[in-house]
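These notes are about the structure you will find just below.
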Amino acid sequence: MRVSILGAGAIAYGLAAYLAGSGHSPTLWSPSGQRTRALAAGELLKATGDIEATVPVRIAKDCQDAIANAHVVVIALPAYGHKMVMDAAVPHLTDGVPVIISSHCSFAALYLSKRLAERKVRLPIVVWGTTLVTGRQQGPTEVHVTTIRQKLDVATVPFSYQDRGHELCTTLFGDRFVKRDGMLAIALSNLNPQNHLGIALLNLTRMEKAERWSQGGNVTPAVGRFIEALDAERLAIAAHFGIAVRTVKEHFSLSFHVPMGTVSEMNQEMDRQGRGGFGPTTIESRYILEDVPFGLLPTALLGKITAHPAILHESGVSILSAAYGRDLRADNDILPALGIEGLSDVDLVNLSREGF
């Protein structure tokens, strides 16, 4: 299948390598064009780690070129780029061509649904609870893939496309997708923001001083307990909606292939196996600049709508805003465009299942 990936970071590179190695034809589009210059000049994309491949990848000259003739479009870049890329893509998307959001956060699928409804375009929007791969770019033509997740939550907007969306993802990326009960379940299944809050907040000076530090190794018992307490807030909101989601402990065990234990114990085991990864070496990190406004803030909003206040999530937003000297809430450019703050829980459920 011809799969157009909008984005050019580590996740986009990892997906392109996976698809090319599986016999599909990926196209990459970099909004700035900077990262893909060498690939556009004919150099091959090299993946190491959990994906070992050296493959050709087509580079689109612009968004229209990327989407033209694609069987599937994948949005694979940090959440602070979602609105910009969706705005660029909407004029070129056509009826029936699926769009996958990897990974979904901050009700971005509703924003895309709203923009498409303005054009009277109907297509399945497929949302993932997290990314298929984790890794880091090693240069303009190389990515090191740390993990390929065994299980990945998936849903669609509208919900009626659920079976077809699941089949599409399985065709492209293998039998690893778990159907969830709508986009709202996905919104409550992305654990990266809460996990990154615990990791970043309690290791902030390491990041600011550009230290090289083991991420898994520094999820100490205290950090692990904080992450588990954050998880309890998320689980209470999910229970209000009657949504079954994985616990943070289940997430670590399934995603990183370690025996079930406390959050700290599982991260320590990942570190012993050499798979604990390294933490950010700058406070200009997506762990904060993406996950606070686009991850913690929507969860806090859901807490208010359901009368299950996410106090630790809200406090994390305020504490890190103070540390950065600016209101990180203002970085979210999707929620203001949706205006869902005044919706009831029932209306939000219906909108999340049907879209605009």
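Scanning segment 265-321 for residues that are part of a helix (DSSP H, G or I), of a type in the set (Phe, Trp, Tyr) and within 20 Å of residue 218 (Cα to Cα) returns a single hit, 287.
The residue list 242, 182 contains one member that is of a type in the set (Gly, Ala, Ser), out of contact with any His (no Cβ under 7 Å at 6 or more places or on another chain) and crowded, with 20+ Cβ neighbours inside 10 Å, which is 182.
Among the conditions (1) part of a strand (DSSP E or B); (2) farther than 30 Å from residue 42 by Cβ; (3) at pLDDT below 95, the only one that residue 134 does not satisfy is (2).
Exactly one residue out of 115, 35 is touching a residue at least 24 places away in the same chain (Cβ under 8 Å) and outside any helix (DSSP H, G or I), and it is 35.
Can you say whether residue 328 is open to solvent by less than 70 Å² (accessible area, probe 1.4 Å) and touching a Pro at 6+ places or on another chain (Cβ under 6 Å), as far as the supplied structure shows? Yes.
Residues that are in contact (Cβ under 8 Å) with a residue 24 or more places away in the chain, out of contact with any strand residue (DSSP E or B) (no Cβ under 9 Å at 6 or more places or on another chain) and among the hydrophobic types (A, V, I, L, M, F, W, C) were ranked within segment 250-271; the one that is farthest from residue 235 (Cα to Cα) is 270. Could we say that residue 286 is over 30 Å from residue 9 (Cβ atoms), in contact (Cβ under 8 Å) with a residue 12 or more places away in the chain and open to solvent by 30 Å² or more (accessible area, probe 1.4 Å) here? No: the conditions fail for residue 286. Of the numbered conditions (1) assigned to a loop (DSSP other than H, G, I, E, B); (2) of a type in the set (S, T, N, Q); (3) buried (at least 18 other Cβ atoms within 10 Å of the Cβ), residue 352 satisfies every one except a single condition; which is it? For residue 352, the exception is condition (1).
Note on segment 234-264: residues that are in a helix (DSSP H, G or I), touching a helix residue (DSSP H, G or I) at 6+ places or on another chain (Cβ under 7 Å) and under 24 Å from residue 212 (Cβ atoms) total 4. Residue 94 meets all of the listed conditions (1) outside any helix (DSSP H, G or I); (2) crowded, with 22+ Cβ neighbours inside 10 Å; (3) of a type outside the set (A, V, I, L, M, F, W, C) but one, namely (2).
So that you can scan it fast, the table gives a plain yes or no per residue for (1) surrounded by fewer than 21 Cβ atoms within 10 Å (Cβ to Cβ); (2) closer than 19 Å to residue 73 by Cβ; (3) out of contact with any Phe, Trp or Tyr (no Cβ under 8 Å at 6 or more places or on another chain):
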{"position": "4", "(1), (2), (3)": "no, yes, no"}
{"position": "7", "(1), (2), (3)": "no, yes, no"}
{"position": "12", "(1), (2), (3)": "no, yes, yes"}
{"position": "32", "(1), (2), (3)": "yes, yes, yes"}
{"position": "42", "(1), (2), (3)": "yes, no, yes"}
{"position": "46", "(1), (2), (3)": "yes, no, yes"}
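All conditions in (1) closer than 24 Å to residue 155 by Cα; (2) open to solvent by 20 Å² or more (accessible area, probe 1.4 Å); (3) polar (S, T, N, Q) hold for residue 54, with the sole exception of (1).
Scanning segment 156-213 for residues that are without any contact (Cβ under 8 Å) to a residue 24 or more places away in the chain and among the acidic types (Asp, Glu) turns up 163, 167, 175.
Restricting attention to segment 207-221, does a residue exist that is under 15 Å from residue 271 (Cβ atoms), hydrophobic (A, V, I, L, M, F, W, C) and outside any helix (DSSP H, G or I)? Scanning segment 207-221 turns up at least one residue that is under 15 Å from residue 271 (Cβ atoms), hydrophobic (A, V, I, L, M, F, W, C) and outside any helix (DSSP H, G or I).
If you check 134, 141 for being within 21 Å of residue 4 (Cβ to Cβ), in contact (Cβ under 8 Å) with a residue 24 or more places away in the chain and open to solvent by 10 Å² or more (accessible area, probe 1.4 Å), only one passes: 141.
When restricted to residues that are part of a helix (DSSP H, G or I) and either at pLDDT below 95 or over 23 Å from the mean Cα position of the chain (by Cα) (or both), segment 38-73 contains 5.
The values are calculated or read from the model by the stated rules, or taken from the named source; none is laboratory data. None of these values were measured; they are calculated from a predicted model. Every residue, glycine as well, gets a Cβ built from its backbone with ideal geometry; the counts of neighbours run over all protein chains shown. The accessibility values were calculated without ligands, DNA or RNA, using every heavy atom of the protein model including side chains. Shrake-Rupley method; radii C 1.70, N 1.55, O 1.52, S 1.80 Å.
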